[in-house]
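See structure below.
Read-outs: derived from the displayed coordinates by stated rules, not from any lab. Because the structure is predicted, anything quoted here is derived from the model rather than measured. Cβ placement follows ideal geometry from the backbone for every residue including glycine, while neighbour counts extend to all protein chains displayed.
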Amino acid sequence: MRWSPTDLSQLAAVALLAAALACDGGKAEDSNAKAEADAKAAADAKKAKEAEEAEALAKGLEERKKREDAEKAKYDAFAARFVKGRDKQPKDLDAACTELIEVYSDWVKAIYFDDDRYQLEFFDHKKENLGKVMGNCAKLDSIESTSCMVEVIKGVTAEDVSEEDRKMLQAKPDFLFDSCVAKFAPDKQ
């Protein structure tokens with residue numbers, strides 16, 4: 001059989017058409033594969049970013065916990081150093097509260113050594129402020145706790161207490177007094 005030029009041109013056209021279709025199909029497959037690869041890469045990048053953020057958050061929480069634990073240890077050391085009972089207690093609650101208000105001004109000077117505004121406010125209204133201290137003391141109704149507070153004030157106002165320690169106590173000024181109550185009158189917390 002002999003091919004006529006028309007047959008050959010038709011055969012060439014069919015071959016070209018098949019080749020063109022094959023190329024277009026390949027482009028479509030390549031395009032789909034590229035889109036899938038891009039989507040997978042984007043998902044992987046998102047997962048990596050989320051993992052990085054989660055790791056940074058966990059690290060931040062761990063560092064925060066370490067700081068809080070160190071701070072708690074420091075306050076616990078303050079409590080161990082300053083929160084003490086006395087061998088000789090005052091004869092009654094009134095005597096204990098009177099002793100507390102007599103030394104309370106020293107507490108304000110020691111703890112708020114760098115806060116002139118607080119000191120001015122306290123001393124401008126000293127009688128009223130000490131009246132509140134006396135009222136809180138009477139409400140507490142614990143000679144042992146009040147004596148402990150007096151010992152705390154004497155301890156904190158001693159010269160061997162650093163400004164750094166006083167500054168830390170300034171952040172939680174009631175911590176040591178609350179520790180006295182917890183130790184000597186836990187039912188009154």
For the stretch 27-77 and the stretch 137-170, write down the distance between their C-alpha centroids in whole Å. 46 Å
Sorted by mean Cβ packing within 10 Å, highest first, what order do the peptides 142-149, 170-177 take? 142-149, 170-177
Sequence order, the stretch 79-91: Karplus ³J(HN,Hα) from phi using 6.51 cos²θ - 1.76 cosθ + 1.60, θ = phi - 60°, Hz rounded, Gly and Pro as x, gives 4, 5, 7, 10, 7, 9, x, 10, 5, 10, 8, x, 5
Nearest-0.05 FRET efficiency for Glu53 and Lys127, computed from C-beta distance (R0 41 Å): 0.15
Given Cα pairs under 8 Å that are at least 6 residues apart, what percent is the relative contact order of the stretch 83-188? 42 percent
